[in-house]
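Presented below is the structure to which this report refers.
The values are calculated or read from the model by the stated rules, or taken from the named source; none is laboratory data. All values derive from a computational prediction rather than experimental measurement. No Cβ is skipped: glycine too gets one built from the backbone with ideal geometry, and neighbour counts run over all protein chains shown. Only protein heavy atoms, including side chains, enter the accessible area calculation; ligands, DNA and RNA are left aside. Shrake-Rupley method; radii C 1.70, N 1.55, O 1.52, S 1.80 Å.
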Amino acid sequence: METKKTTKWKLLALAAMLSAGSASAADQGNSNINQYYTGAAPVTAEEGEIVYDDVDYSADNMAASFYGDEAQSLQPVAFVGDHQGSSVPTPAPMMNDPNAISTGSGCSTGDCGNSSYEMASSCGSACGGSCGECSKRPRRKMLQKTDMWMTAEALLWFTQARSTTPLITQNATGVAPERDIAGTTSVFGGDEAIGGDLSAGFRLDFGKNLSDDFGVGGRFWWLSESSEDASSGGIVDGTANSFGRPFYDTNIPSENSILIANTGVAGSDDFEGSFTAESSLDIYAAEAYARMKMLSGSGFRTDLIGGFSHFGIDDTLSVNSTSIQTTAAIGGLIGDQTDISDLIETENRFFGGQIGFESQINRGKWSFKTLTKVHLGNMEQIYRGSGVRTFTTGGVPTDSTNGGVLAMGDTFNTTALDEDKFTFAPEANVKLAYQFRPNVSMSVGYSFIYWDDVLLAGDNINNVYNGDAITTPPAALAQPASERKDSSLYTHGIDLGCVIDF
């Protein structure tokens, strides 16, 4: 009987051992492998695919996780008897690595012979069986400690059309080109008549990651000059159309015009002449920023962006005209000439900070990125206006008068109209990229930027004055005080780029 009881106890102990071993093996094959080590379960990725998780999949770390070399390593799950005893069986290495590609080649040195592969396990001094398998590990192509990036993009943007009062007008021959007369049209100037066309430019974005979670970078972009111009193409005699420079005459008071070329206009002598008018807009930006990881997961990442921003927006407007008298029925002399030049320049210099978010989603070789941020700071607005009127009588030039007919006084060398404004500028960008090579992607995107307070030349024209003083040298042109005007401005368009990570 005693022998029979002993045999049953041994059978029960053997069954318990087999049951514990089966449970341990089942747990090792279970997807809930996190009970043995810290972090997400290992994932596989093709070389060149971006991986954003923070798990270290190196052979040493995985071996440590499964062989008990670290504090949170694998712990035994079952043992026989009432106490653990002096030794605990070490779990067998993972032999079913789906990424294993060779056996035995690195057993003696622990080196798989290729930087893209690592030993799946550590065998010690003696190798046997398949314990020397080499495993292809996920390559983290973004936000490694040594990562740098550079993006070069061609910009095909449209800048908001700008408005001015009509600056050069025309009508049928024999009809004065005044704004309140039927048939008068604007040759240059008008409501949203300047700009709005396609401008080419470039944008560079470059930086370096100081850690997996933090990086610094810089960005610079520039748009080519957006310009609009009109000219008479040389001296015209007014037989085809009459041309003039419209203004509001405080002496009448009513709409009037300085005749450039006309024939047969009632109450006026005839003139021949020429004109040129041009408006140009230049925009550039320079930024220095830092980025910090906020969220990340399988195939996506969101960074907080913050830094310094600088914008430059320069608007220039010039109008020049020449009028030569060809009859003397009303007054003056044949050959009397009036030359009028106006130049208005506005400069906007923004200095401030930026804050926003950048997110990226990756699916295989495709990636989609969004950038939203706002720039907050001071906009320094600078106004410069100057002009000159020169009169020639009997072939002899007289003294020029200081000031044209459009500028808000002669302010080119003063700061009387300069101001500082607190302003904001929201910016948004979306981008779709395809990875052609492990470190190179081509992208297409859309950008939009809006500035709240901008000083533009066309909004600050003063064409209200006493017309009798125009051709009476050397008297300065008396203009009533005009109100300084701010406006908004935006630009948007397509981005075509190349992204390099190295």
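Tabulated data
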| item | result |
| --- | --- |
| Per residue solvent-accessible surface (Å²) - the range 236-280, probe of 1.4 Å | 36 Å² |
| Potential extension, Ile252-Ser482 segment - 0.36 nm per residue separation minus Cα distance | 80.9 nm |
| Residues of the range 318-379: accessible area per residue with a 1.4 Å probe, Å² | 44 Å² |
| Area accessible to solvent at Phe308, 1.4 Å probe radius, in Å² | 100 Å² |
| FRET E, pair Phe351, Tyr446, Förster distance 35 Å, beta-carbon r, rounded to 0.05 | 0.85 |
| Above-threshold pairs, the threshold being 31 Å between Cα atoms, out of Lys208/Lys373; Lys293/Lys431; Lys293/Lys421; Lys373/Lys485; Lys373/Lys421 | Lys293/Lys421 |
| Thr276 - accessible surface, heavy atoms, 1.4 Å probe, Å² rounded to 10 | 70 Å² |
| Portion, in percent, of the accessible area of the range 285-360 that falls on carbon or sulfur, probe 1.4 Å | 65 percent |
| Unit Cα scatterers, Debye sum, the range 283-421: log10 I(q)/I(0) for q = 0.09, 0.14, 0.15 Å⁻¹ | -0.54, -0.80, -0.86 |
